[in-house]
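The values are calculated or read from the model by the stated rules, or taken from the named source; none is laboratory data. Remember, it's a predicted structure, so these values are computed and weren't measured experimentally. Cβ: placed from backbone, ideal geometry, glycine included. Neighbour counts: every protein chain shown.
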Amino acid sequence: MKHTAQPVQSRKLTHLSRMGDDQLREECGVFGIFGHPDAAAITTLGLHALQHRGQEAAGIVACDGSTFHSERRMGLVGDNFNKQKVIDRLQGDMAIGHNRYSTTGDTVLRNVQPLFADLDTGGFAIAHNGNITNALTLREELISSGAICQSTSDTEVILHLLSRSRKRRIVERFIDSIRQIEGAYALVSLSNDIMIGARDPVGIRPLVIGKLGDSYVLASETCALDIVGAKFLREVENGEVISITRDGLESHRPFPKRPAQPCIFEYIYFARPDSIIDGRSVYDVRKQMGLQLAREAPADAEVIVPIPDSGIPAAIGYSQESGIPFELGIIRNHYVGRTFIEPEQRIRALGVKLKHSANARVIRGKRIVLIDDSVVRGTTSQKIVTLMYEAGAKEVHMRIASPPITHSDFYGIDTPTPKELLAANNNLEEMRGIMGATSLAFLSIDGIYRAVGYDKRDPLAPQFTDHCFTGDYPTTLTDHNEEGNEPRQLSLLSEVM
Ligand code: AMP
């Protein structure tokens, strides 16, 4: 099923006007464990391993069977969940956690997950990776019928839908609720005697199941299982709901069966290279992307230089295929966060400078191939090409191990509005000029599929969510307009942190 961005509905959202502090987009990491005496400590470790998926805030909710204990903090897991007394407060043998990543506006504590609500069935906590593409529409309906929204998070609508469901069991209510939402979701949630996980009907965002002794673990990526020593059991399938109780694990299939369409960007950028997605090592796939790139776009050069860290596996693949030596010509300062975390363009530009330094000795006087995984706004490539020339490079051949990003994302990876996307507004030669590179080439969409072992042109082969490159959105986009990722704004409340 293919969708293009829908025109925004004409209804006027007068009471949902401007929101100063946040918008409904984020990429995140989720983790949960059921039936382990050190549930909170293990969740902390899991969130550590998923830190690359979100660095703005982190939260854990634990439950001891009757009482829920919550700690939600701004900043990194290691800075906030580093004291025994914090972990000790999070009592209970079940816990869920969340790393939050929001790239526009400020993150405020009320949006930090897991979100929690008291329902007539008891307490319920939920952590979400993805983006609900009809959240604003649902929110409007909920508010019109008397709901009071406490956050601006799209995830909150799930709690409202749960509380309104007439079903008796919590898992039935959960299913009732997710049947009403659209878009991307990998969810991990907790009541006082059940942990529930779910993936949206096409499985856009990842979620895996592991086992640690007798305890079940749910996590965004396998690297979070590895850190706690859990055994990988399997992925939660697209459209599957998993419930875990003292009696074990149960699988529910509330949606009609359809082919999975996971997000290709997990392979390109988001997932950690040591994670395994759909049986493939992310690291190996990224190397294959570099290898395909070397075949599609060779360059007459002396050194292959990755933009660290995201360009490293592809650069290794490019080097192996081309026979041109690989050198660390750029050193990354690991104490500066990811470029995207700083919401404003001018800060982001500064962030790039802080983050990367030239290792001039391997660059000076050389014709180099510079490799990155992707170009979004073009900020990183422009800065790094300049850095390379300043360090004495003779020629800089820019090679990107994914296709040009021409369309916005609405599913939680937050590529910006088309007007900010370099490739949506410039042709290849213009992009090369803007970057100041000697030459520029991107991996083709066929090349990306080949790197994963699939054929984009074979109608029977598995497909990915690849709308960033193709404009084919796998779900309806009720809240969004054709201009791109400009969700309608929320209330007038702006909070000072
Ligand atoms: P830009 O500088 O705007 O062109 O962004 C490209 C850089 O950001 C590349 O080095 C990527 O590794 C990284 N990147 C790509 N997609 C994302 C994303 N959704 N969030 C954060 N960083 C990203």
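Selection of strands (runs of 3 or more DSSP E) fully inside region 113-221 by the criterion of at least 3 residues being touching a residue at least 24 places away in the same chain (Cβ under 8 Å) and in contact with a strand residue (DSSP E or B) (Cβ under 6 Å, 6 or more places away or on another chain) returns 115-119, 122-132, 183-190, 195-199, 215-219. Within the option set Asp274, Asp284, being in contact with a Cys (Cβ under 7 Å, 6 or more places away or on another chain) and away from the ligand (no atom under 16 Å from the Cβ) holds for one residue only, Asp274.
Answer yes or no: is there a residue in region 37-50 that is on the phi > 0 side of the Ramachandran plot, touching a Ser or Thr at 6+ places or on another chain (Cβ under 7 Å), assigned to a loop (DSSP other than H, G, I, E, B) and at pLDDT 95 or above. No, that holds for no residue.
When Ile341, Ile316 are checked against the criterion of being modelled with pLDDT under 95, surrounded by fewer than 21 Cβ atoms within 10 Å (Cβ to Cβ) and either in the same structural domain as Gly378 (by TED's automatic domain parsing) or within 30 Å of Asn238 (Cβ to Cβ) (or both), Ile341 stands alone in meeting it.
Among Pro201, Pro256, Pro262, Pro273, which is the only one that is touching a Gly at 6+ places or on another chain (Cβ under 9 Å) and surrounded by fewer than 20 Cβ atoms within 10 Å (Cβ to Cβ)?
Among Pro201, Pro256, Pro262, Pro273, only Pro256 is touching a Gly at 6+ places or on another chain (Cβ under 9 Å) and surrounded by fewer than 20 Cβ atoms within 10 Å (Cβ to Cβ).
Does Ile331 meet the test of being surrounded by fewer than 18 Cβ atoms within 10 Å (Cβ to Cβ), among the β-branched types (Val, Ile, Thr) and modelled with pLDDT of 95 or more? Yes: the conditions hold for Ile331. Selection over region 306-327 of residues that are among the hydrophobic types (A, V, I, L, M, F, W, C), within 16 Å of the ligand (Cβ to nearest atom) and in a loop (DSSP other than H, G, I, E, B) gives a count of 1.
This table checks each residue for (1) modelled with pLDDT of 95 or more; (2) closer than 18 Å to Met94 by Cβ; (3) of a type in the set (D, E, K, R).
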| site | (1), (2), (3) |
| --- | --- |
| Phe116 | yes, yes, no |
| Gly123 | yes, yes, no |
| Ile126 | yes, yes, no |
| Thr137 | no, no, no |
| Ser165 | yes, no, no |
| Val171 | yes, yes, no |
| Gln180 | yes, no, no |
| Ser191 | yes, yes, no |
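Checked against (1) within 16 Å of the ligand (Cβ to nearest atom); (2) farther than 16 Å from Tyr449 by Cβ, Ala301 meets all criteria but (1).
Within region 203-221, is even one residue farther than 23 Å from Ala49 by Cα, at pLDDT 95 or above and more than 16 Å from the ligand (Cβ to nearest atom)? Before the answer, list the steps.
So in region 203-221, the residues farther than 23 Å from Ala49 by Cα come out as none.
No: zero hits.
Number of residues in region 295-305 that are surrounded by fewer than 24 Cβ atoms within 10 Å (Cβ to Cβ) and not in a loop (DSSP other than H, G, I, E, B) equals 3. Only one of the listed residues (Phe265, Phe255) is closer than 22 Å to Ala184 by Cβ, aromatic (Phe, Trp, Tyr) and part of a loop (DSSP other than H, G, I, E, B). That residue is Phe255. Give region 381-433 a look and list any residue that's closer than 20 Å to Gly311 by Cβ, assigned to a helix (DSSP H, G or I) and away from the ligand (no atom under 11 Å from the Cβ), or say none. Val385, Thr386, Leu387, Met388, Tyr389, Glu390, Leu428, Arg432, listed by residue number. For Arg234, state whether it is basic (Lys, Arg), modelled with pLDDT of 95 or more and part of a strand (DSSP E or B). The answer is yes for Arg234.
Whether any residue in region 46-66 is surrounded by fewer than 24 Cβ atoms within 10 Å (Cβ to Cβ) and hydrophobic (A, V, I, L, M, F, W, C) is what I want to check. The answer is no, given that none of the residues of region 46-66 is surrounded by fewer than 24 Cβ atoms within 10 Å (Cβ to Cβ) and hydrophobic (A, V, I, L, M, F, W, C).
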